[in-house]
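Take a look at the structure set out below.
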Amino acid sequence: MIKQGDTLPSVKLMAATPEGPREIGTDEIFRGKKVVLFAVPGAFTPTCSANHLPGFVGHVADFHAKGVDTIVCMSVNDAFVMGAWGKAHDVGQGILMLADGSGQLTKALGLELDLVARGLGVRSQRFALVAEDMVVTHLAVEKPGDFDVSRAEAVLEVL
C-alpha cells in the first residue's frame, strides 16, 4: 500500500466533463499542485452519497483557503456514473470527479477492496490523501464499514 512520502504512480483515469468523458493522467492532476484525493467504494452508495461527497462539496472554499489547488473524488465506476453523481450533488467546478473504471490507480496504490461476494466486484477502499507535487503527504484509510478519517473535516484538520 502507498504511504506517506511515496510518489503517486503515473496512471490514466477518466474525467467527467460537460463534453463527455476525457482521459486525464495523474501527472496532469497532481504535478506542481497540492491536491486532496478522496476515494469511495461506489458512487450513489449510501455513505458515499449521504456523507462523503456532500462533506467535501460543503467545504470546497475551506480547502482552497488552506492552499489546496484541486479536490478529486474518485471511484471504481465509469465516467458517466461519476458525471451523473457529480451533477446529482451539484459539485460544479469545485470537485473533479474521476473514474478509475478498471481500478488501475486503485490497484497501483494498493487500496483495492474485494466486494465480489456482495456483487460489487473489486472497488476502492474508502480513503483520503493529500499530495504535493505527486508526493503523498497524508494518507487516511478507513477500516471497512467506518467513516471517520477520510471525511472532509478530518482532512481539513491535517492541512
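Every number here is computed from the coordinates shown, using simple stated rules; none is lab data. Please read these numbers as outputs of a predicted model, since none were measured by experiment. Backbone-built Cβ (ideal geometry, glycine too); neighbour counts: all protein chains shown.
Please work out whether the chain counts as rounded, prolate or oblate from its C-alpha gyration tensor, where a ≥ b ≥ c are the square roots of the eigenvalues and a/c under 1.5 means rounded, while otherwise a/b larger than b/c means prolate and anything else oblate?
Rounded, because the longest to shortest axis ratio a/c is under 1.5.
Kindly provide the trypsin sites (Lys or Arg not before Pro) of segment 1-58 that DSSP labels as loop, not H, G, I, E or B, and whose Cβ sees at most 12 other Cβ atoms within 10 Å.
Here the sparse-neighbourhood loop sites are 3.
Can you list the lysines whose alpha carbon is less than 23 Å from that of residue 87, not counting same-chain residues fewer than 8 positions off?
By straight Cα distance, residue 87 reaches 12.
Among the aspartates and glutamates, select those whose C-alpha is under 15 Å from the C-alpha of residue 66, and discard any that sit fewer than 8 residues away in the same chain.
Hits, sequence-local ones excluded: 132, 153, 157.
If neighbour count is taken as other Cβ atoms inside 10 Å, put 138, 59, 52, 89 in order from fewest to most.
138, 89, 59, 52
What's the FRET efficiency of residue 154 with residue 19 using the Cβ-Cβ distance as r and R₀ = 25 Å, to the nearest 0.05?
0.15
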